[in-house]
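Each reported figure results from applying straightforward, stated rules to the coordinates on display, with no laboratory input. Quick caveat, the model's predicted, so the values are computed rather than measured. Cβ atoms come from the backbone with ideal geometry, glycine included; neighbour counts cover every protein chain shown.
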């Protein structure tokens with residue numbers, strides 16, 4: 001409700017100082033809460049990214065272990081190379 005008053009160069013009326021300070025306090029509190037939520041979400045994102053990297057590593061190891069070349073007998077490999 002006070003946004004219109006904030007864009008003028010005139011100083012606020014004394015009767016408006018209390019409500020303006022209260023509104024400013026609410027905005028600051030909301031900003032602090034938002035920043036805290038961003039930090040929390042970033043922490044969750046970091047945890048999930050670490051988990052994804054671990055799963056990719058495990059998947060790569062399984063893929064290597066299950067590669068068809070692993071089932072070719074060593075004698076045949078020696079003949080080829």
The chain: calculated mean residue ellipticity at 222 nm from DSSP helix runs of at least 4, using -39500 (n - 2.57) | -27000 deg cm²/dmol
In degrees, nearest 10, the alpha-carbon axis of helix 14-65 is tilted away from the dominant principal axis of the alpha carbons of the chain by 0
Could you please state, rounded to a whole Å, how far the C-alpha centre of segment 43-57 is from the C-alpha centre of segment 4-23?
-> 48
Mind checking which of 53, 71, 40 has the largest fluctuation in a GNM of the chain, springs on alpha carbons under 10 Å?
-> 71
From zero up to wherever the largest Cα-Cα distance of the chain sits, split into 10 Å bins and tell me the percent of pairs in each.
-> 14, 19, 14, 13, 11, 10, 8, 6, 6, 1
Take the Cβ-Cβ distance between residue 62 and residue 41 as r, set R0 to 22 Å, and report the resulting FRET efficiency rounded to the nearest 0.05.
-> 0.10
Please list the equivalent ellipsoid semi-axes of segment 34-81, computed as the square roots of five times the alpha-carbon gyration tensor eigenvalues, in descending order and whole angstrom.
-> 45, 7, 5
Given the peptides 6-15, 27-36, arrange them by the average over their residues of other C-beta atoms within 10 Å, most packed first.
-> 27-36, 6-15
In nm, give the distance between the simple-model label positions of residue 51 and residue 27, each being 7 Å from the Cα along the Cα-to-Cβ direction.
-> 3.8
